[in-house]
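Participant: Here it is, the structure in full.
Read-outs: derived from the displayed coordinates by stated rules, not from any lab. Fair warning: this is a prediction, and the values are worked out from it, not measured in the lab. Cβ atoms come from the backbone with ideal geometry, glycine included; neighbour counts cover every protein chain shown.
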Amino acid sequence: MRKFNTKFFRRALCVAVNLLPLTFSAVHAAERASGDPNATSLRLSPAQYKQTIADVFGTNIVIDGRFEPEVRERGLLALGARWANVSDIGIERYDDLARGISAQVVGPNNRGTLISCKPKSETAADDACARMLISKYGRLLYRRALNENEIATRVKLANDAATTTGDFYAGFAAVLSDMLISPNFLFRYRTVEADPAKPGAKRLDGYSKATALSYFLWNSTPDDQLIKAAENGELQTVDGLQRQVDRMVGSPSMESGIRAFFADMLHFSDFETIAKDTTYFPRYSTKINDLAQEQTLKTIVDHVLANKDYRDLITTRDTYLTRSLAALYGVPITDTADNGEPDRFIKHRYPEGDPRVGILSHVSFLALNSHSARTSPTLRGKALRENLMCQVVPAPPGNVDFTAVEDTASETLKTGRDRLLAHSSNPVCAGCHKITDPIGLALETFDAAGGYRTTENGAKINTSGVHNNVNFQGAADLLPLIRNDRALTSCVARKIYAFGTGKMPPRGSAEWDAIEKKFGEDGYNVLRLMRQVALSDIFYAVPPAEVDTATRN
Amino acid sequence: MQPGVRLFCMRAAALVVGVVFVPASGAMAAQTYGYMVSSLSTATWNDYATNCPQNLNGYGLDVTRRDLIAIGFSKEEAEKMTGADADAERLPRDVAQRLLLRATVNGKPVSHYSAPEAVPNPPVIESVVGPVALGFDLDGKITGTEFTDPETGAKIDNQLWRAIGCSENFRAIPPALPFTEELTWALAIDSAPAWMMSITGEDLTKDGPVTVTFERATKHLERDANGDVMTHATYVVDPMGRSHNVLKGEIKGGFLTVANVPKFYLQSEMPFFPEIELDKAQMRMQVMPNGKLLGYWGGYYDWKRYAYMITSRPGSGADTLGLYHSLKRFADATPDPKTGQNTQISMTYRMEAVPAFHSTVDGKILASPAADASVSAAMARRDPEVKPKAGPSPPRAQVK
Amino acid sequence: MKISILARRQVLRGMMAGSALSVGLPILDCILNESGDAFAATGKPLPERFATWFWGCGLGEGNWVPKAAGADYELPAQLAPLKPFQKRMLLFSGSHIMLDGANNNTHTTGAMGITQGEPNKQFKGSIDTIIGDHIGRGTRFRSIEVGCNGDPGATWSVREGQGRQPAEISPIKLYARIFGPGYADPNAAEFTPDPQVMVRRSVLSGVKEERDALNSKLGAADRAKLDNYFTSLRSLEQNLEVQLQKPDPLESCSKPNPMEGVDKGALSLASEAMARAGIFAQLLAHALACGQTRVVNLALTQGISPLRQEGDSTNHHAYTHEEPIDPVLGYQVKAAIFQKQYMQALHDFVQTMDSIKEGDKSMLDRMLVFAFTDHGAPRLHSVRNYPLMFFGTANGRLKTGMHVPRMGDTTVRIGFTAQQAMGVPTSAWGAGSNRVTTPISEILV
């Protein structure tokens, strides 16, 4: 059974102090920018934006600026991208970014590699050179060939600007900057064309397919080869699509896609608002925020690229550590780099019996889902349920009677378990807390920074509990239960689909059920799953609303 | 030490991270705790009431005034040049030169830093007459020059303290440390390879014999988010082994002690702690509630080297010439066969160390932090660090 | 007098075609005076300003409600830091946000109701944008939102159809935005429009011309999204336009000293948030005084205040739920410490606005500061009995110095009254049980 009976829990009143997330934007629709669920355009995420610029203009371009905050919808920023629009502040920021990038592209350092034609005069307009650049970069940035009208308009603007400023390059930079704030760049659209195989029906055009594919697998813009495959119709054939998908899955750029997906699923964007108290956690410096994410992503990428079983991420003893992460965890690590060299990530394997197994023992899970100076078993349990198992935890209701928690002097309630029991001894509250707290309490031997401890305020920490009617003593025997929970694999599959399309998989779809089944038969191989999704029909399905629109033309 | 140290002590349980499941490198019989030396300074004992009753040495300007008188200015002139409206930092260039070139070698004026022996009428600074100082009985004899150690009550040798203890630079009560030493240490530890210390014994929770091993690490000390030395980091032993010391010690009566080390040597790269070399060394240390070690190293040190270390440090109020000759006067061991002048002086260092992991270059874990503060109960510090009662600062000196 | 965007573009195109730009064309004057306001130097009425100030986790069960109504009331202990401004503020109590069966999303629904007139409406324009659209046309920034604990989600400003405007969390970056390269000193003797800005302004037409082509390819929902994108684009246009025009002098404007240092980002201590709020208050006051915007919004934190005191691991929000009410004092002692700190920060904000002198009055007198919170009594997540304050007289249209109990009334009426006080031509606001058509007349002059 995938979902809990939400009706029951909505009726139950919950005391949920620890349930309330640090920034209350997680689950609620309050964040939607526009209300129409039929929108299909997806705003580029900051990571996609940066990756795209790096792929189009090279890694010399420094992207120094801020982005519009993303919108998280049902646990994924990729779903929120459908709602995300560009606000006043957003357009300002994109404009700043665009001008910064354009200036560098035409600047003396990069001009040699990026501007492949020479204007007749550097201080005046040059039609031919401007045209060449605009077509070339327009195609890469808009992910389709620009039509003649678009090119001509822009060439004229570039010429005008070049004449006004007396600088050809400034003229082109102005137009490039313009293109970088255009919705054609900032949003991925799914546009349709007539389907020759089914008269009267529509299908996604080649460009839309290429865009969907590349942002799914590579988290970036289609490369030249992929755009060509779109243009020559290759992507509309079964063999052609498969050729491209296999090329992409085998490419090193696949790592970007894997990283982007898991960073989204694990809510790494929340790290922006993490502030740990260094009096309690002196080894949690601000750079740990970045190192923690990198540790988990490296661990996952390694695992996935080695074609390992996804479920083993919950129980694996392998990870990567730097010296400062190791000190935070309280484990030894040998780094033989010379004095003065920066910390490196080193492969680390925890010994048998070590309590730290799997990604749930990483700082990126433990510290992210804690308060600044205290753990929150409820937050951790909720994160596991919602982020990794797609199980909805009902929000705390507004009208709550808190008289049950009056007597919470901390002298008597020493551990997290004691404090939570005082809240959820009220049977009305226990209903909801039963979903989250046993899991979180099993992890109480990890403090709010991710360090290991056996006592809290002098009292021994009790990590036992029940999960799916099975008793466990602590994390060591809970995690295998989680690993084998069907919700774990079903959830990652659905979220991977959502990452690629901006929508959860369609209900009652036989094709989707087959994909999930194959995922299991393939030993829960994430790479193969992504390949399957990229080759499926539902990935490229044309929603009804678009069919209506297309017939308007 | 940071002001937050007290808060650290209160949050002891939070800081001492449980380190379980780290495999012991040797047989089950031996336990080894790892540490990194996080602070080193000359041990001070500043009882202002009794140490320097004449209060002659004074502060920076007083030293300058004395020097000016020594090179021929009158008391009034000296006071005017260092008075409130004068800028003593920028004495007239010729005066500054004369102050500098007070030594005479082959008839020529030479910097007194390079030739302190060649200064006629070197200054005699006040030395410590108070009865108390930290240290060890290094020579096994009572000669009447000893102090009483405030922690152990024993009669101890620390002639270095006699020599320099009335100098402003060393007038600090922990957590404050001698100014230039603290400054130098704080700057240097971010680049100089660190010193490692491990304690090995059958059962470190009980009294018994132990081995204390010192090494130098390949890397410098790490700092945590508060700027303090980070605990629980891993350091790799420098395979060169120049600073490898294996010392016999014991845990007894609440202390870990090390005695009769003929030569204790640690090499560094710091500009002002180039090396530590103590003869007939002894040590004692205890574990603080927050898991850090606090202790003392004593032994005989080459007094000239110590004098040059002081003179090469930046800082104000260091009467370098006075200190040189004072150290020379109080040197109490190993006479030069030709001149009879003692070449070494008894001294004590104050040391702190934080828990750490030690590893060889090949990844073998040699030592780990103690799992729990209570495990080190055998050498746990029951009382706060011994200190003299803080009195009012000494008044301005009388320049005679 | 409104001038369409097309006409503006033609004007500027015409200007671009010429080699030099002359300042003070009559058409430009009309553009500037669109809202009908003008500036002190020309003797016309002074600009309107509006500010919202938000703090999280309310004030407690209700022992903060003064006994007396009207002018002679005793300021409760939690509000003691506001004493210096008691005569110049209005304190509202007793009002509720009516839920009409809607879900009470803790720490969200109430504040949304207060700012948007309807609880749980994701994209209904908020009060600051409504007022800002009326008083703030022609400024470089339509509004400025800041959050003081490093969370860009600490904001209640919602532009119709676009969603929440993210809050600026970095004082240094805010300084660069306002007083960086795009800033034109209104009191400078010379003004030369930057040709780079002219180029940017003209090139923007390229994006706008893509609109029709895109529209023809998209579904209805995506077209609506695109519309909202172009609304934002217009504000960028506006920003550039303003940079091309000589600003009218503003006597109270002075550019603050450059800010240096390193941004800390997310923080968790109340004292740090207070300090940041103080810096933001300075920047916002300067931005208002220098005509860069007319509307500013400051949120100390999001509704669930995660702030802590030094050395304490329990945050304010946790205290509001965990701490028992002191039987003798009648309130939560530790939570009250935070409340007092927030009120001190509010006092400092108001004082900063007051420190800008304009003519014989201060900027505070002429503006309206609207202070609100997410829950009346946070312990119970109550959306009843809200503490709200007004500071300032809205250019003389509001009375001050009173405690205004509104037992049983909808809080939305307070926001509606603010809109009317700021001159917004509105006759109704809110929906369902929160719908109001009449203001609180006893506070309007």
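Participant: Residue A:231 label point, 7 Å along Cα→Cβ, cut-off 18 Å on backbone N: hits in region A:194-219?
Facilitator: Of the residues in region A:194-219, A:205-212, A:214 have backbone N under 18 Å from the label point off residue A:231.
Participant: Once you've got the Cα coordinates, tell me which of C:255/C:334; B:219/B:328; A:434/C:124; B:248/B:364; A:298/B:219 are over 28 Å apart.
Facilitator: Beyond 28 Å between Cα atoms: C:255/C:334; B:219/B:328; A:434/C:124.
Participant: Turning to a different aspect of this structure: In straight Cα distance, which aspartates and glutamates are under 17 Å from residue A:503, not counting same-chain residues fewer than 8 positions off?
Facilitator: A:31, A:36, A:70, A:73, A:264, A:386, A:511, A:513, A:516, A:537, A:546, C:222
Participant: If you don't mind, another one. What is the magnitude of the charge dipole of region C:299-445 about its Cα centre, with +1 placed on the Cβ of each Lys and Arg, -1 on the Cβ of each Asp and Glu, and no other charges, expressed in debye to the nearest 20?
Facilitator: Approximately 460 debye in magnitude.
Participant: Let me ask another. Could you check the simple spin-label distance between residue A:467 and residue C:433, using points 7 Å along Cα→Cβ, in nm with one decimal?
Facilitator: Rounded to a tenth, the inter-label distance reads 4.3 nm.
Participant: For region C:254-333, state the average projected area of the convex hull of the C-alpha atoms over all orientations, rounded to one decimal in nm². Each step should come with its number before you reach the end.
Facilitator: Working: hull surface 30.8 nm².
Reported value for the Cα convex hull: 7.7 nm².
Participant: Please give every one of the aspartates and glutamates within straight-line cross-link reach of residue B:141, meaning a C-alpha to C-alpha distance under 13 Å, and leave out same-chain neighbours fewer than 8 residues apart.
Facilitator: Cα-Cα hits under 13 Å: B:157, B:332.
Participant: Ok, one more. Using the Kirkwood formula on the Cα atoms of chain A, what hydrodynamic radius do you get, in angstrom to one decimal?
Facilitator: Working: mean 1/r = 0.0389 Å⁻¹.
In chain A this quantity evaluates to 25.7 Å.
Participant: Ranking B:345, A:435 by Cβ neighbours within 10 Å, fewest first, what do you get?
Facilitator: Values: B:345 28, A:435 19.
The order, fewest Cβ neighbours first, is A:435, B:345.
Participant: If you don't mind, another one. Could you tell me which GluC sites (Glu not before Pro) in region A:98-162 are loop residues by DSSP with no more than 15 other beta carbons within 10 angstrom of their beta carbon?
Facilitator: When the GluC sites (Glu not before Pro) of region A:98-162 are filtered for loop state and at most 15 Cβ neighbours within 10 Å, A:122 remain.
Participant: Next question, about the same structure. Work out the charge dipole of chain A with +1 on the Cβ of Lys and Arg and -1 on the Cβ of Asp and Glu about the Cα centre, then indicate which of A:280, A:145, A:426 is farthest towards its positive end.
Facilitator: A:426
Participant: Something else: So what J values fall out for region A:456-461 if you push phi through Karplus, 6.51 cos²θ - 1.76 cosθ + 1.60 with θ = phi - 60°, rounded to Hz, Gly and Pro as x?
Facilitator: Ordered by residue, 3J(HN,Hα) equals 9, 6, x, 9, 5, 8 Hz.
Participant: Given +1 on the Cβ of Lys and Arg, -1 on the Cβ of Asp and Glu, and no further charges, what dipole in debye does chain A carry about its Cα centre, rounded to the nearest 20?
Facilitator: I would put it at about 1060 debye.
Participant: Same structure again: I want to check the label-to-label distance for residue B:151 and residue A:347. Put each point 7 Å from Cα in the C-beta direction and report it in nm to one decimal.
Facilitator: Spacing of the two 7 Å Cα→Cβ label points: 4.6 nm.
Participant: What is the fewest-to-most order of C:268, C:157 by other Cβ atoms lying within 10 Å of their Cβ? Walk me through the numbers on the way to the answer.
Facilitator: On the way: C:268 22, C:157 28.
Result, fewest neighbours first: C:268, C:157.
Participant: Give me the percent of DSSP beta bridges within chain C that run antiparallel, rounded to the nearest 5. Before the final figure, lay out the partial values.
Facilitator: Values: 15 of 37 bridges.
In chain C, DSSP labels about 40 percent of beta bridges as antiparallel.
Participant: With n ≥ 4 as the cut-off for DSSP H runs, can you work out [θ] at 222 nm for chain A, using -39500 (n - 2.57) per run divided by the number of residues, rounded to the nearest 500?
Facilitator: On the way: 24 runs with 259 residues, N = 553.
After summing the helix terms and dividing by residue count, I get -14000 deg cm²/dmol.
Participant: To the nearest µm²/s, what D does Stokes-Einstein give for the protein assembly as shown at 37 °C and 0.692 mPa s, using the Kirkwood radius over alpha carbon pairs as Rh?
Facilitator: 91 µm²/s
Participant: Fewest first, what order do A:537, A:205 take by the number of other Cβ atoms within 10 Å?
Facilitator: Placing the least packed residue first, the sequence is A:537, A:205.
Participant: Be a star and scan region C:303-323 for residues whose amide nitrogen sits under 14 Å from the point 7 Å along the Cα-to-Cβ vector of residue C:337.
Facilitator: C:307-320, C:323, by backbone N distance to the label point.
Participant: Could you calculate the FRET efficiency of residue B:113 with residue B:90 from 1/(1 + (r/R0)^6), where r is the beta carbon distance between them and R0 is 30 Å, rounded to 0.05? Mind dumping the intermediate values first?
Facilitator: Details: r = 19 Å, r/R0 = 0.64.
Calculated transfer efficiency: 0.95.
Participant: Pairs of Cα atoms under 8 Å, at least six residues apart: use those to get the relative contact order of region A:36-188, whole percent. The partial results should precede the final answer.
Facilitator: Numbers: 196 pairs, mean separation 39.3, N = 153.
Once divided by the residue count of region A:36-188, the mean separation gives 26 percent.
Participant: Follow-up. Taking 25 Å as R0, compute the FRET efficiency from the Cβ-Cβ separation of residue A:59 and residue A:306 and round it to 0.05.
Facilitator: Efficiency computed from Cβ-Cβ geometry: 0.40.
Participant: Which value results when the Cα radius of gyration for region B:60-118 is divided by 2.2 N^0.38 Å?
Facilitator: In units of the 2.2 N^0.38 Å rule of thumb, it is 1.15.
Participant: Let me ask something additional. Tell me which residues come under 5 Å, amide H to amide H, from residue C:298 once H is placed; ignore anything under 5 positions away on its chain.
Facilitator: Distant-sequence amide H within range of residue C:298: C:52, C:53, C:54, C:146.
Participant: Additional query: Where does the longest stretch of chain C lie that holds no trypsin sites (Lys or Arg not before Pro) found in a DSSP loop with 10 or fewer other Cβ atoms within 10 Å? Don't jump to the answer; show the numbers that get you there.
Facilitator: On the way: sites that count: C:2, C:67.
Longest gap between qualifying sites, sites excluded: C:68-445.
Participant: Same structure again: Just grab the label-to-label distance for residue B:182 and residue B:97, each label 7 Å out from Cα along the Cβ direction, in nm (one decimal).
Facilitator: Distance between the two pseudo-spin positions: 3.9 nm.
Participant: Skipping prolines and chain starts, which residues have an amide H placed within reach, meaning under 5 Å, of the one on residue B:148, given they are 5 or more residues away or on another chain?
Facilitator: Here the answer is B:132, B:133, B:156, since their amide H atoms fall under 5 Å of that of residue B:148.
Participant: May I ask you to derive the relative contact order of chain A, considering only C-alpha pairs under 8 Å and at least 6 residues apart, and to give it as an integer percent?
Facilitator: Once normalised by length, the contact order is 17 percent.
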